[in-house]
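Read the structure below first, then the notes.
The values are calculated or read from the model by the stated rules, or taken from the named source; none is laboratory data. Given the structure is predicted, the values throughout are model-derived calculations rather than measurements. We place every Cβ from the backbone using ideal geometry, glycine too, and count neighbours over all the protein chains shown.
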Amino acid sequence: MRAAVRDGRLAAGTRLPSTRALAGDLGLARGTVVEAFAQLTAEGYLDARHGAGTWVADLSLAGVQRVPALERPERAARFSFSPGLPDLTSFPQTAWLRALRHGLRGLSAASLGYGDPRGRRDLREQLAWYLARARGVRADPELVVVCAGFRHGLSLVARALRLEGASTIAMEDPCAEQHRAVAAAAGLALRPLPVDGRGARTDLLDGSDAGAVLSPAHQFPLGVVLHRDRRAAAVTWATASGGVIVEDDYDGEFRYDRQPVGALQALAPDRVAYGGTSSKTLAPGLRLAWIVVPARLLEPIVSLRSAEDVHVAALEQVALSEMLRSGAYERHVRRMRARYRARRDRVLEMLARSAPMLAPVGISAGLGMLLELPEGGTSASELIEEAGRRSIELHSLAAGYSDGRSPRDGIVLGYGALPEHAFEAGLNALGELLSDLLST
């Protein structure tokens, strides 16, 4: 009721039902409603007179300025093909609860304090061991920093580089637009780095004013893998210039048609800040990610963490540490890898049937693919608009470019976000959309 009065849904002078009637409507004890009315009257939101009833007070007379309510997001589409989300219904609740219960046994009271700004020691040790085994990362637990999502980790690295004197970061063009915003907020100027069929043009870094470069192993949103020559060029540039490579390994666990490409960090641990996240493997709502930082950046990053006090919740760290220790995390990743591969194959079958003119790109890894649209036909904006009318969520390639304009017209299609029970229905709806719009 307080919120309704504040945002104007309950206007001044509105007469309220009796406490007895409202208690009956809400299924509450009358005493609960009487107490709430008394509290709101004391706070000035309601007026009441014995025998006359209760009504909404005029807040303007009390000098209270009404703040407009925040604009609410549009109703979610029935079928989301967002490229940035996993299937949230596949979160391993049983394994997570088991890990949490096991991790809590014998946990000291001190473990629930503020703790190390880098994160819990046991989790950093488990992450170092897992990343070395699964991704080839050369990770010292002392250099692992647990953070609240990859963007938080990127912000820490960018601000630490700014404190070191860096002024510019080269960022793949296209890339995730949120990453550009994070780097800019840290005070770094952005230099677009073109991407072609061999990945980011790291050969263009020599002689640039960049102090850092953000480069995922599996390029988003184009889906190309950084070629070995480009990997070598990036390391050579960083070594010669003293720059730092930020490696965004956002989907390293999800490779389907060949062995995963090893982390770039292993080639130059003192020049690469390696970032990973559980947002794709488990759920983004956990806010669990990690950065393996070059030794020179550790002190400034720890200082930033201490100052801002943005710690990841201790219980989430305890559960993930236990899942890594027991092998439950890797078992879940293997199950989801098989599930997402099957989904990818179903998408490819649908495209071959409903939109054979499309040639999917970047299908060997991740939770999405790029669909380049034929020139002179239906545009991405037209496709997205019609998809919205059919309650289908699609995303344009153009949003990833620094100027908002893409040299090619396309859709970045994610196949992870839909719940398992809705996947086939969503796929059929998408197939009908593409058949209707692209076949004419």
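Just so you know, in the range 315-330 the residues that are more than 17 Å from Arg255 (Cβ to Cβ) and surrounded by fewer than 18 Cβ atoms within 10 Å (Cβ to Cβ) include one that is farthest from the chain's Cα centre (by Cα), and it is Ser326. Need the failing condition index for Pro356 against (1) crowded, with 21+ Cβ neighbours inside 10 Å; (2) part of a loop (DSSP other than H, G, I, E, B); (3) not small (Gly, Ala, Ser), just the number. Here Pro356 meets the rest and fails (1). Residues of the range 305-314 include at least one that is assigned to a helix (DSSP H, G or I), under 26 Å from Ser90 (Cα atoms) and at pLDDT below 95. Scanning the range 27-54 for residues that are hydrophobic (A, V, I, L, M, F, W, C), surrounded by 11 or more Cβ atoms within 10 Å (Cβ to Cβ) and part of a helix (DSSP H, G or I) yields a total of 6. Against the criterion of being at positive phi, modelled with pLDDT of 90 or more and not assigned by TED's automatic domain parsing to the domain that holds Gly400, Gly223 does not qualify. Would you call Gly404 assigned to a loop (DSSP other than H, G, I, E, B), touching a residue at least 60 places away in the same chain (Cβ under 8 Å) and not assigned by TED's automatic domain parsing to the domain that holds Leu282? Against the criterion (assigned to a loop (DSSP other than H, G, I, E, B), touching a residue at least 60 places away in the same chain (Cβ under 8 Å) and not assigned by TED's automatic domain parsing to the domain that holds Leu282), Gly404 does not qualify.
On inspection, Ala170 fails the criterion of being within 14 Å of Val246 (Cα to Cα), outside any strand (DSSP E or B) and assigned by TED's automatic domain parsing to the domain that holds Ile245. If you go through the range 225-255 and keep only what is more than 22 Å from the chain's Cα centre (by Cα) and of a type in the set (Phe, Trp, Tyr), you end up with just Trp237. Is it the case that some residue within the range 278-292 is in contact with a Ser or Thr (Cβ under 6 Å, 6 or more places away or on another chain), in contact (Cβ under 8 Å) with a residue 40 or more places away in the chain and not assigned by TED's automatic domain parsing to the domain that holds Arg337? Within the range 278-292, one or more residues are in contact with a Ser or Thr (Cβ under 6 Å, 6 or more places away or on another chain), in contact (Cβ under 8 Å) with a residue 40 or more places away in the chain and not assigned by TED's automatic domain parsing to the domain that holds Arg337.
Screening Leu264, Leu288 for residues that are at pLDDT below 95 and in contact with a strand residue (DSSP E or B) (Cβ under 9 Å, 6 or more places away or on another chain) leaves exactly one candidate, Leu264. When Leu433, Leu383 are checked against the criterion of being farther than 21 Å from Phe220 by Cβ, assigned to a helix (DSSP H, G or I) and among the hydrophobic types (A, V, I, L, M, F, W, C), a single residue qualifies: Leu433. Search the range 350-378 for residues being at pLDDT 90 or above and of a type in the set (Gly, Ala, Ser), and hand back the single one that is nearest to Leu438 (Cα to Cα). Once the filter is applied, the top-ranked residue is Ala355. Any chance the range 402-409 includes a residue that's under 29 Å from Ser90 (Cβ atoms) and at pLDDT below 95? The answer is no; no qualifying residue exists.
Scanning the range 173-190 for residues that are surrounded by fewer than 15 Cβ atoms within 10 Å (Cβ to Cβ) and not in a strand (DSSP E or B) yields Glu177, Gln178, Ala181, Ala184, Ala185, Gly187. Residue count for the range 191-230 under the criterion of being outside any strand (DSSP E or B), touching a Gly at 6+ places or on another chain (Cβ under 8 Å) and over 20 Å from Arg162 (Cα atoms): the result is 10. Under the condition of being over 12 Å from Val293 (Cβ atoms) and in contact with a Gly (Cβ under 8 Å, 6 or more places away or on another chain), which residue from the range 135-154 is surrounded by the most Cβ atoms within 10 Å (Cβ to Cβ)? Selected residue: Phe150. Of the set (1) assigned to a helix (DSSP H, G or I); (2) not assigned by TED's automatic domain parsing to the domain that holds Ser111, all apply to Glu322 but (2). Has the range 293-302 got at least one residue that is under 17 Å from Ser279 (Cα atoms) and of a type outside the set (Val, Ile, Thr)? Checked the range 293-302: no residue is under 17 Å from Ser279 (Cα atoms) and of a type outside the set (Val, Ile, Thr).
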